[in-house]
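For reference, the structure is listed below as structure tokens.
Nothing in this text is a laboratory measurement; each read-out follows from the coordinates by a stated rule. Source: prediction; values computed, not measured. Cβ atoms come from the backbone with ideal geometry, glycine included; neighbour counts cover every protein chain shown.
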Amino acid sequence: MNKKERRAKEKNKKKYRTAIPKEMGYTLNRKKLKLNKPESNALNIVIDFSYYDLMTEQELSKGLKQLQRCYAINRRSVNPVNLHATSFNDYLSQKLVQSANHLKWDVKFSENHFKDIFPVSDVIYLTSDSENEIHDVVSSNIYIIGGLVDHNRNKKHCYEQCKIMNINHGKLPIDKYLSIKKTKVLTIDHVFNILLTYHNCSNWLETFQKIIPKRKEAIPIIGDVKNENKFNDENE
Ligand SMILES: C[S@@+](CC[C@H](N)C(=O)[O-])C[C@H]1O[C@@H](n2cnc3c(N)ncnc32)[C@H](O)[C@@H]1O
């Protein structure tokens, strides 16, 4: 390869690196997206790590990777939210430092329980076991996602904790928009992405179609009719 060809290749590479993924619908380039900071009145989403001792080492490591994904999704969002990780103790910090320089992340880490940080009356704990469906995602509420990766070994754990703590809970309105045979228990980062995306577009079906993985074999319900093959396979 001669000098001219090398330069052209470099130029192309740079163009590719800064290109905006069209399917993400962004109007800013990657560099500017990285500079996006949540506004003071932005939505608050919390990952609750108080159940860390219920996880195996491997599950914990998956949970921390999912937190890392939430951070990455948020920093690339046009309207980032305030992302919190609560009950995040020294043990968890050490685990995370081993895999990533998390202290520089735009995540508000706290050793405190979310109940000691936010007014309990504003909290909505997300749990697929709740009998309540959430209809909207609004900045006046604090949305809590359980930082628990357990392959559903601890069925209903978060739901039962909500009952004990007497706090509001809700599930995503999946049944209203999708016919889905597989489990409706999603990963932490998918739930985070759904809240963030819905908060920006106010359309549940569009949000679910973008984020729920194809392997879930979900079929959109339009009216009362199932609408075949409308799912995104980019989330696999
Ligand atoms: C892998 S799940 C943990 C499952 C765990 N057995 C439990 O008791 O919740 C991680 C978290 O994602 C959230 N989540 C997952 N699927 C959800 C759904 N369909 N609706 C609402 N929240 C959901 C919940 O906050 C849940 O605690």
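Quick notes on this one:
- Segment 105-140-segment 143-186 distance, computed between alpha-carbon centres (Å): 13 Å
- For segment 42-226, the fraction of C-alpha pairs farther apart than 25 angstrom is 32 percent.
- Span from the segment 41-80 Cα centroid across to the segment 195-214 one, whole angstrom: 18 Å
- Environment charge at SER110 (Cβ cut-off 12 Å; Lys +1, Arg +1, Asp -1, Glu -1): -1
- ³J(HN,Hα) computed for each position of segment 36-50 - Karplus, 6.51 cos²θ - 1.76 cosθ + 1.60, integer Hz, glycine/proline x: 4, 10, x, 6, 4, 9, 5, 4, 10, 10, 10, 9, 8, 9, 5
- Segment 42-226, relative contact order [Cα under 8 Å, separation at least 6], %: 27 percent
- Computed from backbone phi with θ = phi - 60° and the Karplus coefficients 6.51, -1.76 and 1.60, the 3J(HN,Hα) list for segment 136-153 is 9, 10, 10, 5, 6, 9, 10, 9, 10, 10, x, x, 10, 10, 9, 6, 6, 5 Hz; x is used for glycine and proline.
- Across segment 126-145, the residues whose backbone nitrogen lies under 12 Å from the label position 7 Å along the beta-carbon direction of ASN79 are 137-140.
- Packing-based ranking, highest mean first, of 84-90, 165-171, 46-52 given that Cβ atoms within 10 Å are counted: 46-52, 84-90, 165-171
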